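What follows is a set of notes on a single structure, which appears directly below.
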Amino acid sequence: MDRFLLRGPLTSTAGQAKRASPGREEDDASPVEEDGGGTAAKRPRRDTASRDERISSHARWRHIQAQGLSCDYKILFGKAEADAIFQELEKEVEYFEGALTKLHIFGKWHSIPRKQVTYGDAGLTYTYSGVTFSPKPWIPVLDRIRDRLHLDTGHSFNFVLINRYKDGRDHIGEHRDDERELVPGSPIASVSFGASRDFIFRHCASRGKAPSCRIEPVRLLLEHGSLLLMNFPTNRYWTHSLPSRKKVLAPRINLTFRKVQAL
């Protein structure tokens, strides 16, 4: 596996490896990187699976935890398959235009510094930053990714938010995915294709000019074909962001699959 980054002080428990289990709830106080001894939520593979599929299905989960943070990371798609999916997404995904390219933040409307669109089951909506998004119908490439997520994690998803970053100047600021439409306690599966980008978690109590405590940020490198599973209660206590990186010249497509309830 390519580089995987976790910065911050590690306690002496870091060497006590536990088996990663996507979807479990963790709330330990010390940041730990775990390297599980096998694939979590294993499922039988079809004999006709490509070499890339077989390799990615056996990729090890890495568990990341800190105070109130619980995530699991792995390479979900091998390079050849990830390359093909990226090209298909570039051809098939239709991004929002017009009013849906702006967000209402702190009383002002701002253009979204990236392309964005939602797909999902009929009848669902998702509201954040003053805008309500209705999903477009599923397309085959998104169905295939969603099926792979279910196979590898055991979780089902009915909605996906897609962000396209044309290069390192496109970004997303600190936020939490804690909208009321999300099914309580459900994980969010973030799948990345294209350029690798830094992804930063920051504890809510450590933000601002006068933070109530000092908790080190958690920094990850989200790679081409990777899956980051953000488990409960991560989005209750931690924000996350994808900061600008001017040296990154290639595009990136990120898909965050969610379980949304009709309200």
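The values are calculated or read from the model by the stated rules, or taken from the named source; none is laboratory data. Predicted, not measured: the structure shown is a model, and the values here were computed from it. Positions of Cβ are backbone-derived with ideal geometry, glycine not excepted, and every protein chain shown enters the neighbour counts. Side chains included, ligands, DNA and RNA excluded: accessible areas come from the protein's heavy atoms. Shrake-Rupley method; radii C 1.70, N 1.55, O 1.52, S 1.80 Å.
Numbers below:
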read-out	value
Hits in the stretch 223-253 (condition: polar (S, T, N, Q) and in contact with a Leu (Cβ under 7 Å, 6 or more places away or on another chain))	Ser226, Thr234
The one condition in (1) open to solvent by 10 Å² or more (accessible area, probe 1.4 Å); (2) touching a Leu at 6+ places or on another chain (Cβ under 7 Å) that Leu220 fails to fulfil	(1)
Selected residue [open to solvent by less than 20 Å² (accessible area, probe 1.4 Å) and under 26 Å from Arg60 (Cβ atoms)] from Leu228, Leu151	Leu228
Leu263 vs. criteria of a type in the set (A, V, I, L, M, F, W, C), in contact (Cβ under 8 Å) with a residue 24 or more places away in the chain and closer than 20 Å to Thr127 by Cα	yes
Per-region count, the stretch 74-108, residues β-branched (Val, Ile, Thr) and at pLDDT below 95	2
In the stretch 194-204, residue modelled with the lowest pLDDT [restricted to those that are open to solvent by 30 Å² or more (accessible area, probe 1.4 Å) and more than 24 Å from Glu90 (Cβ to Cβ)]	Cys204
Extreme residue, most open to solvent (accessible area, probe 1.4 Å), among residues of the stretch 127-148 that are touching a strand residue (DSSP E or B) at 6+ places or on another chain (Cβ under 8 Å) and among the β-branched types (Val, Ile, Thr)	Thr132
Near pairs, Cβ below 6 angstrom, 6+ apart or cross-chain, from the stretch 123-147 (β-branched (Val, Ile, Thr)) to any residue that is exposed (fewer than 13 other Cβ atoms within 10 Å of the Cβ)	Thr125/Thr132; Thr125/Ser134; Ile139/Glu92; Val141/Glu92
The stretch 125-155, residues that are closer than 22 Å to Leu227 by Cα, among the β-branched types (Val, Ile, Thr) and within 19 Å of the chain's Cα centre (by Cα)	Val141, Ile145, Thr153
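Residue-by-condition table, conditions (1) under 18 Å from Thr127 (Cα atoms); (2) of a type outside the set (Gly, Ala, Ser):
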residue	(1), (2)
His155	no, yes
Asn158	yes, yes
Tyr165	no, yes
Ile172	yes, yes
Arg176	yes, yes
Glu179	yes, yes
Ser186	yes, no
Val191	no, yes
